[in-house]
Structures are given as structure tokens and as C-alpha cells.
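To start, the structure under review is shown below, and the notes come after it.
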Amino acid sequence: MKASAILFGDGLSLAGSLPTDLETEGLCAMAPSLMQRLENHIVDTKLGALRGMTLSCVKGAITFFMHENLCLGALHTSLDLPTETRAKLGRVVHELSRKYSHPV
């Protein structure tokens, strides 16, 4: 993973370090709503639960993971994320979501 951003479900940024030269702010702001809409339709399929959404572009790839009201965007160092990294990032967003979606 090269860099990441953490966003709330409404697209507002909580934290992040994505390179400014990639100008990903708009993409990151709309990613949570895309994930939510996809999840609504995934339940009608036999694909199983949505684990993440990867956008593969000419100059890089970014994968978004979402749990409850928190979204994590992970900029790849290569075009694909290893399975272990994908699983770990899924767990990270789950843990962060528990902290920020249900503060004590």
C-alpha cells in the first residue's frame, strides 16, 4: 500500500495521506456512496458480501473498503493488492468503524 484515506459515509475526510498530485479528493468523497449503492445490489446476487471496490486506472489503482459509516481508501503500490493485505485492510476498517461509528 502506498497511501490511504479514511472517510465517513457522507464523503467527509477523517484522515489521509493520498498524494495531492493525483487529485483524488472528489473520487474519495463519492466512494462511500458508491460502496453503499453497490452493497444494496450485491445482496441480490450470489456473489456474497461486498469486501471492497478496486478502481484500476492507467496511473495506479485504489481499493475502497467500507464498514458501517467508515470508508478506507488504499492506494496500491502495484496494480493488485495481495490477498493478505486486502484481508488486513478489511479488518482495519472494521476496527476503525467500531471506534468512530460508535464512540464511547
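Just so you know, all these numbers are worked out from the coordinates, no wet-lab data involved. Note that this is a predicted model, so its numbers are computed, not measured. Note that each Cβ is placed from the backbone with ideal geometry, even for glycine, and that neighbours are counted across all protein chains shown.
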Straight-line reach from Lys99: which lysines have Cα under 19 Å away, leaving out those fewer than 8 places along the same chain?
Lys88
May I ask you to compute the full-extension gain from Ser56 to Lys2, defined as 0.36 nm times their residue separation minus their alpha-carbon distance, rounded to one decimal in nm?
18.0 nm
The chain - convex hull of alpha carbons, volume per residue in Å³:
104 Å³
For a Förster distance of 35 Å, can you work out the FRET efficiency between the beta-carbons of Leu79 and Leu34, rounded to the nearest 0.05?
0.95
Of His94, Ser13, Met66, which is farthest along the charge dipole of the chain in the positive direction, counting Lys and Arg as +1 and Asp and Glu as -1 at C-beta?
His94
Largest fluctuation, Gly16, Gly26, Gly90 only, Gaussian network model of the chain with Cα springs under 10 angstrom, belongs to Gly26
Coil-residue trypsin sites (Lys or Arg not before Pro) of the range 24-92, DSSP, other Cβ within 10 Å capped at 15:
Lys46, Arg51, Lys59
Pull out the extension gain between Asn69 and Leu22, defined as 0.36 nm times the separation in residues minus the alpha carbon to alpha carbon distance; nm, one decimal.
14.4 nm
